[in-house]
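K.L.:
I'd like to ask some things about the structure below.
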Amino acid sequence: MKKLMAAGIAVLFVVGLSIGLAQVVFTEEQPQAAQTRAVSKVDTASNDQKPPAAENRKSAMALMDEAAKDNKYLFGFFWKTEDEQTTAMKKVFEGALAKVSERANAAIVRVTDSAEREIVKKFGLDRAPLPLALAIAPNGAVMGGFPSEFTEEALVNAFGSASTEKCMKSLQDGKLVFLCVQNDATKLNAEALQGVQEFKALAQYASFTEIVQLNPSDAAEASFLADLKIDPQTKVAVTAFLAPPGVVIAEFEGATKKDDLMLALQSANSACGPGGSCGPSGCGPR
């Protein structure tokens, strides 16, 4: 998607083998727990039932790998039972793909196909509301999840900037993310990175922390900065501390300190409560 709108864009947040439809809105306030939509019961398709279109000869995982090599998105359409809803949404899917064919490849997958077990397992599609469309970035981040009913516009807008993709991938992997907004024109760059790097160097957080740098003068990142309410004309380095599924737990202008970052994480975890309301495992590693 080109931007993560502050009003909210439905993104399929993947955690292990389970999926839930989450409103991923980057905000300084703690969001309510992402509500997992119940999977509608559908009749198992009979063996002689014809699909709405010919199956892909290559597996969806192979197509996803090919798309990544070409720096393209993979738009996947996943279905189980041939019915009016599936037929209608497949038509919408194909209409959207025609508009972005230079930027995205497509895979149409029947989730009961034994050849597609790998992608079904990866995204927990056996428990997903179907039909379902996914927009997957070249780095594997799910940038859009559209269950049951969706529009061409929603799919066409399912592209993100490079920094958005990096952040989403790390968040979906259950990691903490420091988004460091700075360039040659901003002040206190080294000071802003100091606390972040010291935090990541801690043994308990090293493997759970990613640092993403964003150039505020990059026009492609304008909508992401707008979602985060960060001025692209900032004169001083800004650091946004993100936690799964997509919440800003703290934001710092100028220098950062390791102890302040640890305190911010501790406060966020305390706000999440037992079990965590910011994500399946809370706001981040404790």
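K.L.:
Check which residues have an amide H placed less than 5 Å from Ala250's amide H, if you skip close sequence neighbours.
P.N.:
Residues meeting the amide H criterion: Phe241.
K.L.:
Restrict the search to segment 221-275; then list the trypsin sites (Lys or Arg not before Pro) that DSSP places in a loop and that have at most 15 other Cβ atoms within 10 Å of their Cβ. Don't skip to the end; give the middle numbers.
P.N.:
On the way: sites: Lys229, Lys235, Lys257, Lys258; in loops: Lys229, Lys235, Lys257.
Here the trypsin sites (Lys or Arg not before Pro) that fit, given the DSSP loop and packing criteria, are Lys229, Lys235, Lys257.
K.L.:
Continuing with this model, one more query. Where in segment 149-194 are there trypsin sites (Lys or Arg not before Pro) that are in a DSSP coil and have at most 13 other Cβ atoms within 10 angstrom of their Cβ?
P.N.:
none
K.L.:
Moving on. Which value, in Å², gives the accessible area per residue of segment 188-254 when a 1.4 Å probe is used on the protein heavy atoms?
P.N.:
44
K.L.:
Within 10 Å of each candidate Cβ there may be at most 10 other Cβ atoms; applying that plus a DSSP loop requirement, which chymotrypsin sites (Phe, Trp or Tyr not before Pro) in segment 108-195 survive? Each step should come with its number before you reach the end.
P.N.:
Numbers: sites: Phe123, Phe150, Phe159, Phe178; in loops: Phe150, Phe159.
Taking segment 108-195 and a limit of 10 other Cβ atoms within 10 Å, no loop chymotrypsin sites (Phe, Trp or Tyr not before Pro) are found.
K.L.:
Please work out whether segment 110-238 counts as rounded, prolate or oblate from its C-alpha gyration tensor, where a ≥ b ≥ c are the square roots of the eigenvalues and a/c under 1.5 means rounded, while otherwise a/b larger than b/c means prolate and anything else oblate?
P.N.:
In terms of gyration-tensor shape, oblate.
K.L.:
Could I ask something else about it? Give the share of C-alpha pairs in each 10 angstrom bin for segment 159-208, from 0 to the last occupied bin, in whole percents, shortest bins first.
P.N.:
In order of increasing distance, the bins hold 23, 42, 32, 3 percent.
The values are calculated or read from the model by the stated rules, or taken from the named source; none is laboratory data. Because the structure is predicted, anything quoted here is derived from the model rather than measured. Note: ideal-geometry Cβ built from the backbone for every residue, glycine included; neighbour counts use all protein chains shown. The area values use the complete protein model at the heavy-atom level, side chains included, leaving out ligands, DNA and RNA. Shrake-Rupley method; radii C 1.70, N 1.55, O 1.52, S 1.80 Å.
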